[in-house]
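A.B. asks: Provided herewith is a single structure, encoded as structure tokens, for subsequent inquiry.
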Amino acid sequence: EADIYQTPRYLVIGTGKKITLECSQTMGHDKMYWYQQDPGMELHLIHYSYGVNSTEKGDLSSESTVSRIRTEHFPLTLESARPSHTSQYLCASSDRDSSYNSPLHFGNGTRLTVT
Amino acid sequence: QKEVEQDPGPLSVPEGAIVSLNCTYSNSAFQYFMWYRQYSRKGPELLMYTYSSGNKEDGRFTAQVDKSSKYISLFIRDSQPSDSATYLCAMEVRGGSEKLVFGKGTKLTVNP
């Protein structure tokens, strides 16, 4: 089982609230990612990081922000949650080596519902 | 046209059946092809990884890539109820993962 942890697993919150989704990994991986997954839809990359103090936006535009102050920690923040942010958010990590032997390791996700 | 097309199913088969899951793609530059398995309320986990064309076998699972047809397949032999999950194909031009493109996933149920 992959050593990547996401909290909370489920979150129901009202519109306008600030939220932070936590993601931590114990594998020492340099690369970390946030994906958004909606039922019946593809996973879409919203943020990624190559290492400490590195953050990049992914292919899917997102109002969320991320930070990478420590190698093992990659939190995602929504300053003002809206119903359109309702989705499942998956965190993943991989080794910096970009060979095909560095697959993504996913956490079990945070299912966010904004009412 | 989406870069990767995958029939979402759902697919329901009896235990012991041979299962074939497929994806087509439009970007001829894709070179690395993966299958991820995602159980309900869990994150995806890598099942198979292949580079370029050909077959790769791992136990009951065989991944097949046909670059000339832009078509990849995952075969599951002697399917088990524990194989019930959503199977996601994914592919990328080069190793690196931040440009990984996923299919929508096919939900498979294996009935005992």
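The values are calculated or read from the model by the stated rules, or taken from the named source; none is laboratory data. The structure displayed is predicted, hence computed values, not measured ones. Here the Cβ positions follow ideal geometry from the backbone for every residue, glycine too, while neighbour counts run over all protein chains shown. Surface accessibility is based on the protein's heavy atoms, side chains included, excluding ligands, DNA and RNA. Shrake-Rupley method; radii C 1.70, N 1.55, O 1.52, S 1.80 Å.
A.B. asks: Step through the table entries B:42/B:99; A:18/B:42; A:57/B:2; A:17/B:107, compare each Cα-Cα distance with 30 Å, and write down the pairs that go over it.
C.D. replies: Numbers: B:42/B:99 22 Å; A:18/B:42 25 Å; A:57/B:2 21 Å; A:17/B:107 34 Å.
Those over the limit are A:17/B:107.
A.B. asks: So for A:63, A:42, B:57, B:3, what's the accessible-area order with a 1.4 Å probe, most first? Spell out each step's value before the answer.
C.D. replies: On the way: A:63 105, A:42 10, B:57 130, B:3 80 Å².
Ranking A:63, A:42, B:57, B:3 by accessible area, largest first, yields B:57, A:63, B:3, A:42.
A.B. asks: If the viscosity is 0.692 mPa s and the temperature 37 °C, what Stokes-Einstein diffusion coefficient in µm²/s follows for chain A when Rh is the Kirkwood radius over Cα pairs? Numbers along the way, then the final one.
C.D. replies: Numbers: Rh = 14.1 Å.
For the chosen part, D equals 232 µm²/s.
A.B. asks: How many Å² of accessible surface get buried when B and A come together, counting both sides, probe radius 1.4 Å, rounded to the nearest 100? List each step's numbers first, then the result.
C.D. replies: Working: alone 6170 and 6460 Å², together 10710 Å².
What B and A bury together is about 1900 Å².
A.B. asks: Next question, about the same structure. At 20 °C and 1.002 mPa s, what whole-number value in µm²/s does Stokes-Einstein give for the translational diffusion of chain B, with Rh from the Kirkwood sum over Cα pairs?
C.D. replies: Values: Rh = 14.0 Å.
It comes out at roughly 153 µm²/s.
A.B. asks: Further question: Other chains' Cβ within 10 Å of A:31-44 residues: what's the mean? Write down the numbers at each step before the final one.
C.D. replies: Numbers: counts 3, 0, 3, 0, 4, 0, 6, 1, 3, 5, 4, 11, 11, 2.
Mean inter-chain Cβ contacts per residue within 10 Å come to 4.
A.B. asks: Can I ask one more? Cross-link partners among lysines for residue B:56, C-alpha distance below 20 Å, same-chain residues fewer than 8 apart left out?
C.D. replies: B:67, B:70
A.B. asks: Counting alpha carbon pairs within less than 8 Å and at least 6 residues apart, what relative contact order, in whole percent, applies to region B:25-78?
C.D. replies: The normalised contact order for region B:25-78 reaches 27 percent.
A.B. asks: In the protein assembly as shown, with Lys and Arg counted as +1 and Asp and Glu as -1 at Cβ, which of these residues, B:106, A:74, A:112, has the Cα nearest the positive end of the dipole, that is, farthest along it?
C.D. replies: About the Cα centre, the residue reaching furthest to the positive side is A:112.
A.B. asks: Follow-up question, since we're still on this one. Other chains near B:33-44: what is the mean number of their Cβ atoms within 10 Å of each residue's Cβ? Can you show the working numbers first?
C.D. replies: On the way: counts 1, 3, 0, 4, 0, 5, 1, 0, 6, 5, 15, 10.
Other-chain Cβ atoms within 10 Å of each residue's Cβ, averaged: 4.
A.B. asks: So, one more: Packing-wise, with mean Cβ within 10 Å as the measure, how do A:27-35, A:14-22 rank, highest first? Intermediate results must be reported in sequence, preceding the final value.
C.D. replies: Values: A:27-35: 21.1, A:14-22: 13.7.
In decreasing order of mean packing, A:27-35, A:14-22 become A:27-35, A:14-22.
A.B. asks: Per residue, how much accessible surface does chain B expose to a 1.4 Å probe? Answer in Å², no decimals. If you can, show how the numbers build up before the last one.
C.D. replies: On the way: 5200 Å² over 112 residues.
Counting only protein heavy atoms, the per-residue value for chain B is 46 Å².
A.B. asks: Moving on. Taking a probe of 1.4 angstrom, what is the accessible area of residue A:73 in Å², to the nearest 10?
C.D. replies: Rounded to the nearest 10, the figure is 40 Å².
A.B. asks: In whole percent, and with a 1.4 Å probe on the protein chains, what portion of the accessible area of region A:38-115 is carbon and sulfur? Write down the numbers at each step before the final one.
C.D. replies: Values: 1780 of 3640 Å².
Carbon and sulfur atoms account for 49 percent of the accessible area of region A:38-115.
A.B. asks: What part of the accessible area of chain B, given as a whole %, is carbon or sulfur when the probe is 1.4 angstrom? Each step should come with its number before you reach the end.
C.D. replies: Numbers: 2440 of 5200 Å².
The nonpolar share, carbon plus sulfur, comes to 47 percent.
A.B. asks: Next up: For region B:58-112, list log₁₀ I(q)/I(0) at each q in 0.21 Å⁻¹, using the Debye formula over Cα point scatterers of equal strength and ignoring solvent, two decimals each.
C.D. replies: -0.95
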